[in-house]
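J.: Got a structure here, written out as structure tokens. Questions coming.
The values are calculated or read from the model by the stated rules, or taken from the named source; none is laboratory data. The model shown is predicted, which means the values in this text are computed figures rather than measured ones. Reconstructed Cβ throughout: ideal geometry from the backbone, glycine too, with neighbour counts over all protein chains shown. Just so you know, the surface numbers come from the protein's heavy atoms only, side chains and all, with ligands and any DNA or RNA stripped out. Shrake-Rupley method; radii C 1.70, N 1.55, O 1.52, S 1.80 Å.
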Amino acid sequence: MLPDISNRINNLSKALETVIMPAIPTENSFAAEQAALMLGHLKMLDQQWDFAYLYEKGSFDNMLALAARLEQLALGGSESKAAAVQLGALLASLPEILPLTVNTVNDLTKSLGVAVDKLIVAAYKDGSAEFKAAMLNSILDYNHIQCTRERTWFKANNLDPDVRGLPSMDEMLNSKEFSYFSVSDAK
Amino acid sequence: MDTKIAEISNMLIEPRMVYILERKLRRSKFGPYKPKTTAEIEQSLKQLFEAEGMSEIAISGVKRMTGGASKEQFLFQLQHSGLDGPQGYVLRMDPLEGIVETCRLREAELLRALAGSFPVPEILTVDAEGDLLGSPGLITGFVSGVTKPTSLEGQSVSGIGSSYGHYAELIAPQFLNILVKLHSWQGWRNAALPNYVIPKGNTAEAALYQVNLWAQTWRQDCVEPVPMVTLTEQWLRENAPVCEEPCLVHCDYRVGNFMFEEPSGEITTILDWELAHFGDFHEDLAWILQKLFGTWNAQGQFLVCGLMEREKFISEYQRLSGREIKPDVLRYYEVLNAWKCAVMDLSSAIIAGQRANNHQDLLITWLGSAGAVFLDQIEMLLREELPNAA
């Protein structure tokens, strides 16, 4: 791929920083602010683009592991049972080989998320106390891993008040510590 | 919670806010939104003031204000036959959609009711439906002052993360005093606030009104499901605390939302009343205590809103107000506020940016990327609650 994506993003940043931003009149602070935000987005995109598929696949794997765990744990009345059956059917229908683009993998994550949501709502209507407690713990564990991934992914936005404990991008993407799939398997 | 109570509690949502969310859905289809030019603003203002009965109108110096992630704001000078000379005003307008959807009419009602008792901007007029301005808008008097010290570096776009330096000592007592006074304000009993609902005292309504509003926002703007958001909604419903006496809460009382004079450090105005409603005072405290709005000082101590240590803030609030802060209720509202922020970031901000329906698409998309910070905060709070969590 020539010119490659990094090359083009960096050229965009350079043009913005060295030509366009200095040409913005000082009284047009809105344009200056927008240009600064563009530059920030471009720099973040440059750090992210090459890992986007790996990141999205990791998010899918985590949602898949959560869905499988909740389906296994589900106990309760008719609403919980029905939601668990629906989630089970969706899990059984997933493709054996994942699609190869970020958006198509994200679509699968979303469809699993919808079914997980239904099971959560059902559990609060007629789930057994044991299921609700186990579900809560599972979602907190999943959330911890998925949030750490997401906060790492967007670390460069400077909006996170506590980035000290976050892993590097490489660790987040490759270490089993940030895979709910590995963690839930171990339990 | 039994089914009947659950059904009733689901209906607790302020009618004006139901209308505002429905209106947002309709307006979102008119996009993409193009930021207004100064010429367009000048023209719409003229139309509005003519309709208000003013004559010999001259509008000048229209200037867009930067920052602000929810409303489009402009400074301008107005001259008309009833004025001795030009006066400065601020126009605050709704884009087609933004990180939060609120009501200019409610904001105007409240600012009028608070005038004279609190440092708030004076209302000139409101175009609640945007019949003349093109978008719903509110015009207030210009107030002098700054939102952050002009001499300090490292400031952010929305004011979040600002540090006050030596001004902290001057501002902190005023910041607390105004908050305490707001929570004890009884002027609402005689004020015209037809678009507000006062939750019943000694019930859980104060919390449930908020849970329902933000749950409805999430359902309307949801881009993709987030298990933690759904779980938290259920938890908030099951654990809604009783509020003995609802009071006015600002709900965005924080760094960046007040102005002060330099070098005196005197607070001149409290800004951004759009999220204000009647609820539990713990809701304001929990909002103010969020890590996102604070900073760490040179000694590594966390400062609430960059102003004072958490324990000092809590003890001083209790001393000045005579109220008792209940740790479990405070924690409930910390969860609710973090959830509300997650809803704003992960649904409203993202969808507005996707549909290019905001004047600051780049900024709201940037802010949206902080959603996980709030999910992480909820998780930490629920783990502390774990024995009672489910």
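J.: Can I get the semi-axes of the protein assembly as shown's equivalent ellipsoid? Compute them from the C-alpha gyration tensor as square roots of 5 times the eigenvalues, in angstrom, largest first.
T.: Equivalent-ellipsoid dimensions as semi-axes: 39, 30, 24 Å.
J.: Helix B:371-384 against the longest principal axis of chain B: what's the angle in degrees, Cα atoms only, rounded to the nearest 10?
T.: Roughly 30 degrees, rounded to the nearest 10.
J.: While we're looking at this one, here's another question. Mind listing P(r) for the stretch A:5-50? All alpha-carbon pairs, 5 Å bins, whole percents.
T.: 5, 24, 29, 21, 12, 6, 3, 0
J.: Sticking with this one: Taking the Cα centre of each part, how many Å lie between the stretch B:89-109 and the stretch B:121-143?
T.: Centre-to-centre (Cα) distance: 8 Å.
J.: Inverting the mean 1/r over all pairs of different Cα atoms, compute the Kirkwood radius of the stretch B:243-311 and quote it in Å.
T.: 13.3
J.: I would also like to ask the following. Count the net charge of all other residues whose Cβ sits under 11 Å from the Cβ of residue B:123, scoring Lys and Arg as +1 and Asp and Glu as -1.
T.: Net charge in that neighbourhood comes out at 0.
J.: Same structure, new question: Could you tell me the ratio Rg/Rh of the stretch A:53-153? Both radii from Cα atoms, Rh via Kirkwood.
T.: 0.99
J.: Here is a follow-up. Say we join alpha carbon atoms closer than 10 Å with springs in a Gaussian network model of chain B; which of B:134, B:368, B:82 then has the biggest fluctuation?
T.: B:82
J.: Chains B and A: what accessible area do they bury, summed, in square angstrom to the nearest 100, with a 1.4 Å probe?
T.: Its buried surface, counting both partners, is about 3800 Å².
J.: Follow-up question, since we're still on this one. Work out which residues of the stretch B:228-250 lose at minimum 30 square angstrom of accessible surface when the other protein chains are put back, relative to the chain isolated, with a 1.4 angstrom probe, and list them by number.
T.: Buried-area filter returns B:228, B:230, B:231, B:234, B:238.
J.: What part of the accessible area of the protein assembly as shown, given as a whole %, is carbon or sulfur when the probe is 1.4 angstrom?
T.: Answer for the protein assembly as shown: carbon and sulfur cover 54 percent of the accessible area.
J.: Hey, another quick one. Under a GNM of chain B (C-alpha, springs under 10 Å), which listed residue has the highest mean-square fluctuation: B:262, B:101, B:72?
T.: B:262
J.: Here's a follow-up. Using the Cα atoms of the stretch B:306-390 to build a convex hull, what is its mean projected area in square nanometres?
T.: Projected over every direction and averaged, the Cα hull of the stretch B:306-390 covers 7.7 nm².
J.: Right, here's the next one. Would you check the accessible area of residue B:334, probe 1.4 Å, heavy atoms only, in square angstrom rounded to 10?
T.: Solvent-accessible area, nearest 10 Å²: 30 Å².
J.: While we're looking at this one, here's another question. In what order, largest first, do B:255, A:19 sit by accessible area if the probe radius is 1.4 Å?
T.: Sorted by accessible area, descending: A:19, B:255.
J.: Using just the helices of the protein assembly as shown, give the 222 nm mean residue ellipticity in deg cm²/dmol: DSSP H runs with n ≥ 4 each add -39,500 (n - 2.57), and the total is spread over all residues, rounded to 500.
T.: -16000 deg cm²/dmol
J.: If you don't mind, another one. Where nothing but the Cβ of Lys and Arg (+1) and of Asp and Glu (-1) is charged, how large is the charge dipole of the stretch A:51-186 around its Cα centre, in debye to the nearest 20?
T.: About 180 debye.
J.: Choose one of B:184, B:347, B:87: the residue whose Cα lies farthest towards the positive end of the charge dipole of the protein assembly as shown (beta-carbon charges +1 Lys, Arg; -1 Asp, Glu; about the Cα centre).
T.: Checking the options against the dipole of the protein assembly as shown, the answer is B:347.
J.: How would B:94, B:84, A:4 line up by accessible area, probe 1.4 Å, largest first?
T.: B:84, A:4, B:94
J.: Keeping all protein chains in position, work out how much accessible area residue B:166 exposes to a 1.4 Å probe, and write it in Å² to the nearest 10.
T.: Counting only protein heavy atoms, the figure is 130 Å².
J.: Any idea what angle helix B:227-238 forms with the longest principal axis of chain B, computed on alpha-carbon atoms, 0 to 90 degrees, nearest 10?
T.: Value to nearest ten degrees: 80.
J.: Quick one: helix B:15-27 against the long Cα principal axis of chain B, what's the angle to the nearest 10°, folded into 0 to 90?
T.: Here the helix axis deviates by roughly 60 degrees.
J.: For residue B:11 and residue B:301 in the same chain, what is the full-extension length gain: residue separation times 0.36 nm, less their Cα-Cα distance, in nm?
T.: Extra length available between residue B:11 and residue B:301 comes to 100.1 nm.
J.: Leaving out ligands and nucleic acids, note down the accessible area per residue over chain B with a 1.4 angstrom probe, in whole Å².
T.: It amounts to 39 Å² per residue over chain B.
J.: Using Cα-Cα distances under 8 Å and only pairs 6 or more residues apart, what relative contact order does chain B have, in percent?
T.: 19
J.: Whole percent per 10 Å bin, from 0 to the bin with the longest distance: what is P(r) over all C-alpha pairs of chain A?
T.: P(r) for chain A, in whole percents per bin: 8, 27, 27, 19, 11, 6, 1.
J.: Can you give the convex hull volume of the alpha carbon atoms of chain B per residue, in Å³?
T.: Roughly 148 Å³ of hull volume per residue.
J.: Using a 1.4 angstrom probe, figure out how much accessible area the stretch A:51-186 has per residue, in square angstrom, rounded to the nearest whole.
T.: Heavy-atom SASA per residue in the stretch A:51-186 reads 46 Å².
J.: When the solvent-accessible surface of protein heavy atoms is calculated with a 1.4 angstrom probe, in what order do A:97, B:325 fall, highest first?
T.: Per-residue accessible area, sorted high to low, gives A:97, B:325.
J.: Using 0.36 nm per residue of separation minus the Cα-Cα distance, give me the extension gain between residue B:23 and residue B:174 in nm, one decimal.
T.: 50.6 nm
J.: Let me ask another. Where a Cα-Cα gap under 19 Å defines reach, which lysines qualify for residue B:312, not counting those fewer than 8 residues away within the same chain?
T.: B:181, B:291, B:326
J.: Also, quick follow-up: Who wins for biggest fluctuation among B:220, B:377, B:318 in a Gaussian network model of chain B, springs between alpha carbons below 10 Å?
T.: B:318
J.: Something else: Excluding residues on the same chain fewer than 8 positions from residue A:81, give the lysines whose Cα lies under 24 Å from its Cα.
T.: Cα-Cα hits under 24 Å: A:110, A:118, A:125, A:132, A:187, B:4.
J.: Would you please state the base-10 log of I(q)/I(0) at q = 0.30, 0.31 1/Å for the stretch A:108-150, with intensities from the Debye formula using one equal scatterer on every alpha carbon?
T.: Here log10 of I(q) over I(0) equals -1.05, -1.06.
J.: Threshold 40 Å², probe 1.4 Å: give the residues of the stretch B:368-383, in number order, that are less accessible with all protein chains present than with their chain alone.
T.: Residues losing area: B:369, B:372, B:373, B:376, B:379, B:383.
J.: Could you work out how far the C-alpha centroid of the stretch A:81-117 sits from that of the stretch A:6-30, in angstrom?
T.: Answer, in whole Å: 42.
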